[in-house]
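Have a look at this one before I ask anything.
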Amino acid sequence: MMQPFQRTAAVFDIDDSLLDGNAGTIFTWFLYSNREMAPTVRSQVPRALYEYARKRLGESDMVALGSRCQQGIRADRLRDLARRCFDRHIKKRVTQQGLRTVRRHLLMGHMVLVASGSPQFIIDELGRFLHAHEAVGTRAVIKEGVSTDELVSPIVFREGKRERVKEVLARHGIDVGRCYLYSDSVADTPLFEEVGHPIVVNPKPAFRSEAVRRGWEVVEWKGRWKTEGTEEQLGEEWLSWEG
């Protein structure tokens, strides 16, 4: 009997690797600019961005902020907004090589898992578009159909991301040592150290040096699929694959 997914998974980070940009930042900006946020939350955003730019807030603070910005909005409304934001602003930013790599793993019968600190609603949209089997994002607690400022622990960052990814893999009976990981982020080092196939995408110079020192593969994913004159061709490839 054939094992599901051949007991192998490919884990894809999203921001600045599979995507040219940051899904959570774009979604937060979308909610902000469309005045969907609660006024008390909306007023905190510029200050937080200012503090982050001056390194007084860290990446984990921004990951938490992205999901907390949704408080007071109904979950069904957030799903609808995430779909609109994805279609208008995020889909075109998927990198061509990232899309091809996802497709290659799907054709090889591997489980494809996308994992990001960005809010779950926007990561769900990306997962759907890529035909991923699992999508892991940072989730806010939903009470009576409304998003709250309380986050489901752990947030998907550093060790928290490793923990959440390993939970999903365990549920599918997949050993992390057989998995591929594609990410640009030094914050994913805890997970890079456990996977069997670490692939560092678009790393900044310091992380590139570290990756080379550790013998991890380094790749560059630059062109967006929407701007490379390949949209129609890739669309046909997806259709032929799905059919």
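The values are calculated or read from the model by the stated rules, or taken from the named source; none is laboratory data. What you see is a predicted model, and the numbers here were worked out from it, not measured in a lab. Because the Cβ atoms are built from the backbone with ideal geometry, glycine has one as well, and the counts that use them run over all protein chains shown.
Would you confirm whether or not the range 159-173 contains a residue that is aliphatic (A, V, I, L, M), surrounded by 20 or more Cβ atoms within 10 Å (Cβ to Cβ) and under 27 Å from residue 108 (Cα atoms)?
Keep residues of the range 159-173 that are aliphatic (A, V, I, L, M), which gives 165, 168-170.
If we keep only those that are surrounded by 20 or more Cβ atoms within 10 Å (Cβ to Cβ) too, we end up with 165, 169.
Retained after the next criterion (residues that are under 27 Å from residue 108 (Cα atoms)): 165, 169.
Yes, some residue in the range 159-173 is aliphatic (A, V, I, L, M), surrounded by 20 or more Cβ atoms within 10 Å (Cβ to Cβ) and under 27 Å from residue 108 (Cα atoms).
Continuing with the same structure: From the residues in the range 164-188 that are more than 16 Å from the chain's Cα centre (by Cα) and β-branched (Val, Ile, Thr), which one is farthest from residue 21 (Cα to Cα)?
Of the residues in the range 164-188, the ones more than 16 Å from the chain's Cα centre (by Cα) are 167, 169-179.
Still in the running and β-branched (Val, Ile, Thr): 174, 176.
Values: 174: 30, 176: 27 Å.
It comes out as 174.
Which residues, taken from the range 39-62, are under 19 Å from residue 75 (Cα atoms) and in contact with a Cys (Cβ under 9 Å, 6 or more places away or on another chain)? Quick ask: steps written out before the conclusion?
Going residue by residue through the range 39-62, those that are under 19 Å from residue 75 (Cα atoms) are 39-42.
Listed by number, the residues that qualify are 41, 42.
Being among the charged types (D, E, K, R), touching a helix residue (DSSP H, G or I) at 6+ places or on another chain (Cβ under 8 Å) and in a helix (DSSP H, G or I) is the filter here, so list the residues in the range 26-47 that pass it. Spell out the reasoning first.
Taking the range 26-47 and keeping what is among the charged types (D, E, K, R), we get 35-36, 42, 47.
Adding the requirement that they be touching a helix residue (DSSP H, G or I) at 6+ places or on another chain (Cβ under 8 Å) leaves 35-36, 42.
If the condition is that a residue be among the charged types (D, E, K, R), touching a helix residue (DSSP H, G or I) at 6+ places or on another chain (Cβ under 8 Å) and in a helix (DSSP H, G or I), then 42 is the only one that fits.
Condition check: modelled with pLDDT of 90 or more, over 17 Å from the mean Cα position of the chain (by Cα) and under 27 Å from residue 176 (Cα atoms). Does residue 95 satisfy that?
Criteria not met by residue 95.
Let me ask something else about it. Can residue 116 be described as part of a strand (DSSP E or B) and closer than 22 Å to residue 34 by Cα? Before the answer, list the steps.
Working: part of a strand (DSSP E or B): yes; closer than 22 Å to residue 34 by Cα: no.
Here the answer is no, as residue 116 does not meet what is asked.
Filter the range 4-37 down to residues that are free of Cβ contacts under 8 Å to residues at least 40 places away in the same chain and either basic (Lys, Arg) or surrounded by fewer than 17 Cβ atoms within 10 Å (Cβ to Cβ) (or both) and give me whichever is farthest from residue 186 (Cα to Cα).
Within the range 4-37, the match that is farthest from residue 186 (Cα to Cα) is 35.
Condition check: out of contact with any Leu (no Cβ under 8 Å at 6 or more places or on another chain), farther than 27 Å from residue 166 by Cβ, surrounded by 15 or more Cβ atoms within 10 Å (Cβ to Cβ) and not charged (D, E, K, R). Does residue 72 satisfy that?
Details: out of contact with any Leu (no Cβ under 8 Å at 6 or more places or on another chain): yes; farther than 27 Å from residue 166 by Cβ: yes; surrounded by 15 or more Cβ atoms within 10 Å (Cβ to Cβ): yes; not charged (D, E, K, R): yes.
Taking the combined requirement at face value, the residue satisfies it.
Considering only residues that are among the basic types (Lys, Arg) and surrounded by 15 or more Cβ atoms within 10 Å (Cβ to Cβ), look in the range 209-228 and name the one that is farthest from residue 183 (Cα to Cα). Outline the logic, then answer.
Step one: filter the range 209-228 for residues among the basic types (Lys, Arg), giving 213-214, 222, 224, 226.
With surrounded by 15 or more Cβ atoms within 10 Å (Cβ to Cβ) added as a condition, the list becomes 224, 226.
On the way: 224: 17, 226: 21 Å.
Looking at residues that are among the basic types (Lys, Arg) and surrounded by 15 or more Cβ atoms within 10 Å (Cβ to Cβ), I get 226.
It is to be established whether one or more residues within the range 118-140 are more than 24 Å from residue 92 (Cα to Cα) and not charged (D, E, K, R).
Yes, the range 118-140 has at least one match.
Separate question: Could you check residue 126 against (1) over 19 Å from residue 18 (Cβ atoms); (2) within 12 Å of the chain's Cα centre (by Cα); (3) of a type in the set (A, V, I, L, M) and say which number it fails?
(1)
If the requirement is being within 30 Å of residue 107 (Cβ to Cβ), of a type in the set (A, V, I, L, M, F, W, C), modelled with pLDDT of 95 or more and in a helix (DSSP H, G or I), which of these qualifies: 86, 5? Let's see the steps before the verdict.
Values: 5 fails: modelled with pLDDT of 95 or more.
Unique residue meeting the criteria: 86.
Restricting attention to the range 60-69, report how many residues are surrounded by fewer than 19 Cβ atoms within 10 Å (Cβ to Cβ) and among the hydroxyl-bearing types (Ser, Thr, Tyr).
Result for the range 60-69: 1.
Starting from residues that are touching a strand residue (DSSP E or B) at 6+ places or on another chain (Cβ under 9 Å) and surrounded by fewer than 20 Cβ atoms within 10 Å (Cβ to Cβ), keep the ones in the range 104-118 and report whichever is nearest to residue 219 (Cα to Cα).
Going through the range 104-118, the residues touching a strand residue (DSSP E or B) at 6+ places or on another chain (Cβ under 9 Å) turn out to be 104-106, 108, 110-118.
Cutting the leftovers down to surrounded by fewer than 20 Cβ atoms within 10 Å (Cβ to Cβ) gives us 104, 106, 108.
Numbers: 104: 16, 106: 19, 108: 20 Å.
Residue satisfying both the conditions and the ranking: 104.
Okay, moving on. Among the candidates 57, 126, 78, 130, single out the residue that is surrounded by 14 or more Cβ atoms within 10 Å (Cβ to Cβ) and modelled with pLDDT under 95.
Values: 126 fails: modelled with pLDDT under 95; 78 fails: modelled with pLDDT under 95; 130 fails: modelled with pLDDT under 95.
Every option except 57 fails the conditions.
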